[in-house]
Structures are given as structure tokens and as C-alpha cells.
1. If I fit a long axis through the Cα atoms of helix 2-33 and take the longest principal axis of the Cα atoms of the chain, what angle between them do I get, 0 to 90°, rounded to 10?
2. Does anyone have the angle between helix 60-80 and the longest principal axis of the chain? Alpha-carbon axes, 0 to 90°, nearest 10?
3. How far is it, in nm, from the label point at Tyr79 to the one at Tyr34 when both lie 7 Å from their Cα along the line to the Cβ?
4. Checking the a/c ratio against 1.5 first, then a/b against b/c, what shape does the Cα gyration tensor give for the chain?
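Bear in mind these aren't lab numbers, they're just calculated from the coordinates by the rules spelled out. What you see is a predicted model; the values in this text were computed from it and never measured. All Cβ positions, even for glycine, are placed from backbone atoms using ideal geometry, and neighbour counts span all protein chains on display.
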Amino acid sequence: MNLQKNSMNNNLGKYLIIIGGLIILVGIVIYFFYDKLQWLGNLPGDIRIERENFRFYFPLTTMLLASLVISILIRLYRYFF
């Protein structure tokens, strides 16, 4: 039983380090390349409704693109590790 707990803690630690590294990497990319990423969120297919007292924005295409990229990264990670 203790062996299982220790293994789970090691795996959890690895995953937290990987997630933290990814967050730092995304932060660096946004910090240095923000001016080149203006198109993100303004793609064709993103729903934007603006009225006098109302704004609605639903980034459908941006979310689909982000989901596709994340899915590819997860599959690559599983393939190589």
C-alpha cells in the first residue's frame, strides 16, 4: 500500500512540474510575442455581438484551434513518453 502511495506522489509531482513549466512557457511566449498574436481571438468564426448596452464574445474558432493544438501535444507526449 505504501508503495502505491509513494508512486502516486512521484507521478503527481512530475505532472505538477510539467504543468508549471507549460504555464511559464506560455507566459514567456505571451510576454515577448504579444504584438504578433493579435490575430488570436479575432479569427473568422469567432462570434461577436455588440449592441449599445450589450457585448457578447464567444471565441469558437479560437477555442477549436486551441483544443486541436492541445490534443496534438498530448498525443505527442504519450507517444514519446
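1. Taking the Cα atoms of the chain, the angle to 2-33 is about 30 degrees.
2. Here the helix axis deviates by roughly 20 degrees.
3. Result: 3.5 nm between the two label points.
4. prolate
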